[in-house]
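Have a look at this one before I ask anything.
The values are calculated or read from the model by the stated rules, or taken from the named source; none is laboratory data. Quick caveat: nothing in here was measured; it's all calculated off a predicted structure. Cβ sites come from the backbone with ideal geometry, for glycine too, and all protein chains shown count toward neighbours. Calculation scope for accessible area: heavy atoms of the full protein, side chains included, ligands and nucleic acids excluded. Shrake-Rupley method; radii C 1.70, N 1.55, O 1.52, S 1.80 Å.
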Amino acid sequence: MKLIIAYIQPDKLNSVKEELFKADVSKLSVVANAVGCGKQKGYTEAYRGIVTEINLRPKTRIEIAVNDEFVKVTTDAIVKGARSGKIGDGKIFIIPLEECIRIRTGETGQEAIG
Ligand SMILES: Nc1ncnc2c1ncn2[C@@H]1O[C@H](COP(=O)(O)OP(=O)(O)OP(=O)(O)O)[C@@H](O)[C@H]1O
Ligand SMILES: [Mg+2]
């Protein structure tokens, strides 16, 4: 099992969801108001004449736990839905996932995750 965590541009959430549903991935968690910065380390902006470093940009964090055979289809869907080709499109992390427990039934592992 793997935990897929993606940081995407907030305005790409709908198209990412559409691509995920097309790929039959329907379980996900979304954290709408994440903030972060990538390798550009933010940008500068003038407010009332004062130039300020704004280094945390709004991002949407998506978390999807999947069985190993669904990793590629899931990450492909996220990339397809989120890519504009511009800097800041986002990033995907894939983390080994040790266990999953469905609280209602007590099922674990592959049965609980899907
Ligand atoms: N190494 C990292 N660790 C944790 N979060 C990260 C990391 N890199 C990027 N992020 C998160 O992903 C978001 C999007 O990153 P971003 O797309 O700007 O990556 P990048 O490496 O700067 O690539 P690009 O040059 O395409 O902008 C960041 O705002 C941050 O929330
Ligand atoms: Mg960046």
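Could you please find all residues in region 91-114 being on the phi > 0 side of the Ramachandran plot and in a loop (DSSP other than H, G, I, E, B)?
106, the sole residue that qualifies.
Here is a further query. Have a look at 19, 69 and point out the one that is outside any strand (DSSP E or B), within 23 Å of residue 1 (Cβ to Cβ) and either within 13 Å of ligand 1 (Cβ to nearest atom) or more than 14 Å from the chain's Cα centre (by Cα) (or both).
Going through 19, 69 in turn, just one is outside any strand (DSSP E or B), within 23 Å of residue 1 (Cβ to Cβ) and either within 13 Å of ligand 1 (Cβ to nearest atom) or more than 14 Å from the chain's Cα centre (by Cα) (or both): 69.
Mind listing whichever residues of region 22-40 are hydrophobic (A, V, I, L, M, F, W, C) and either surrounded by 12 or more Cβ atoms within 10 Å (Cβ to Cβ) or over 17 Å from residue 7 (Cα atoms) (or both)?
23, 25, 28, 30, 31, 34, 37
Looking at region 74-110, which of its residues are open to solvent by 60 Å² or more (accessible area, probe 1.4 Å), free of Cβ contacts under 8 Å to residues at least 60 places away in the same chain and within 18 Å of the chain's Cα centre (by Cα)?
Result: 76, 83, 85, 86, 87.
Still on this structure, please answer the following. Quick one: count up the residues across region 86-98 that are out of contact with any helix residue (DSSP H, G or I) (no Cβ under 7 Å at 6 or more places or on another chain) and at pLDDT 95 or above.
Residues that pass the stated criteria total 6.
Right, next: Which one of the conditions (1) open to solvent by 40 Å² or more (accessible area, probe 1.4 Å); (2) acidic (Asp, Glu); (3) in contact with a Gly (Cβ under 8 Å, 6 or more places away or on another chain) does residue 19 fail to meet, given that it meets all the rest?
Checking residue 19 against (1) open to solvent by 40 Å² or more (accessible area, probe 1.4 Å); (2) acidic (Asp, Glu); (3) in contact with a Gly (Cβ under 8 Å, 6 or more places away or on another chain), the one that fails is (1).
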